[in-house]
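Here is the structure we will look at, set down as structure tokens.
The values are calculated or read from the model by the stated rules, or taken from the named source; none is laboratory data. Everything numeric in this text was worked out from a predicted model, so none of it was measured. Using ideal geometry, Cβ is built from the backbone for each residue, glycine included, and neighbour counts are taken over all protein chains shown. Protein only, heavy atoms only, side chains kept; ligands, DNA and RNA dropped before computing areas. Shrake-Rupley method; radii C 1.70, N 1.55, O 1.52, S 1.80 Å.
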Amino acid sequence: MPEKRYLMTPGPTPVPPEVLAALAEPVVHHRGRDFREIYERCLARLREVYRTEHDVLLYTSSGTGAFESAVANLTSPGDRVLVVSAGSFGERWAAMTRAYGADVVHLRLDWGETPEPDDLRPALAAGGAGVVYLVHSETSTGVVADVQALAAVAKEAGALVVVDAVSSLGAVPLETDAWGIDVVVSGSQKALMCPPGLAFVSVSPAALEAAARSTSPRFVLDWERTRAAQAKLDAPFTPAVSLVRALDVALGLLLDEGLEAAFARHARLGRACREGAKAMGLELFSPDEERSAVVTALRAPDGVDATRVVAELRERFGITLANGQGDLKGKIIRIGHIGWFDVFDITTALAALELSLGDAGAEIERGVAVSRALEAYAERAHV
Ligand code: PLP
């Protein structure tokens, strides 16, 4: 039998067959009618998923391209910005804004901490930060921050708010307009159930005004160039037309399920994963809370190397989980449950983990994780 593979990382994520089938359609010309129809629908669906009335700009790039567009369009050399980090992706904002010559106030929390509004207040009170860069779902730790509350504090101080929602858009509630978030950055390969290769950025009118004043050099990532072209359904450069076609199908699937239903499913998947893991005796690294519905991070038991466990799961069972990043490498195991996931994906991951950890000598209670996960999944979500 050909090897069966299970992709359970926090991105890329599994792609449904309807979306894969769209990728096999003939390539169309990006300035022709066939593509324009797909492009128009896809941009409208993106706005629906983002819950915004404003433009969502689409780039052929990984998520970091949209990330960089935010910095290049909003931050000129010498500008003061505030970056809040508590993991790898927050630190990326800090590194990138520094690379653009910004005067960066870096509120650097330990990896795994949850940023709170009170953490931001003193940094904002010092004054001068025109833009605040935040992370919604910190994929390296499993923490999902309350960006509504964080954005409110930043807005009070008169700053523009930029949020990295690469791993959260479509998985946990995010109200771009209602929460007053100026810029939300995301990518195709997580809850949006597509292969990697497309990146998105929503831009509020205030963000576009600020971009008009920014002196940082940019060309491909220039917001105004893409906005003006999109307004005429004419991409400024050749987009990955097959990926856009696939994204259109994937967004259709997500909207057919309904965003609220998708949020509730993710909350239940996260809960099932945490409860199953705890039942077998594992300690959570990510918070034990309903909002933590994107990635579950588990501490490797004493004496067990997470790197070896992850490699063994791949070799023995064809299951790909994620190792920790940075200093957490070898110390935590991350199970992604974003996008095209159901509870049997969770029980598969837990059952295999149970076998591997048991064989590695960890004290694991056998046979309880799966039933506890199923039981927890059955409870209603509180999102
Ligand atoms: N931000 C977060 C929270 C992510 O999870 C990722 C991807 O892993 C990124 C940014 C970067 O996206 P990409 O790898 O598509 O450039």
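Observations on the model:
- Flag if D256 is within 14 Å of A376 (Cβ to Cβ) and without any contact (Cβ under 8 Å) to a residue 24 or more places away in the chain: no
- Screening S76 against (1) more than 28 Å from G326 (Cα to Cα); (2) open to solvent by 60 Å² or more (accessible area, probe 1.4 Å); (3) out of contact with any Leu (no Cβ under 9 Å at 6 or more places or on another chain) leaves a single unmet condition, (2).
- Scan of segment 177-202 for residues that are part of a loop (DSSP other than H, G, I, E, B) and within 14 Å of the ligand (Cβ to nearest atom), ordered by number: S188, Q189, K190, A191, L192, C194, P195, P196, G197
- Unmet requirement for S242, which otherwise passes all of (1) assigned to a loop (DSSP other than H, G, I, E, B); (2) open to solvent by 10 Å² or more (accessible area, probe 1.4 Å); (3) over 29 Å from A159 (Cβ atoms): (1)
- Failed item in (1) away from the ligand (no atom under 12 Å from the Cβ); (2) among the β-branched types (V, I, T); (3) open to solvent by less than 20 Å² (accessible area, probe 1.4 Å); (4) outside any strand (DSSP E or B), with T141 passing the rest: (1)
- Condition met for V81 (more than 16 Å from the ligand (Cβ to nearest atom), crowded, with 20+ Cβ neighbours inside 10 Å and either under 21 Å from L221 (Cα atoms) or not hydrophobic (A, V, I, L, M, F, W, C) (or both)): yes
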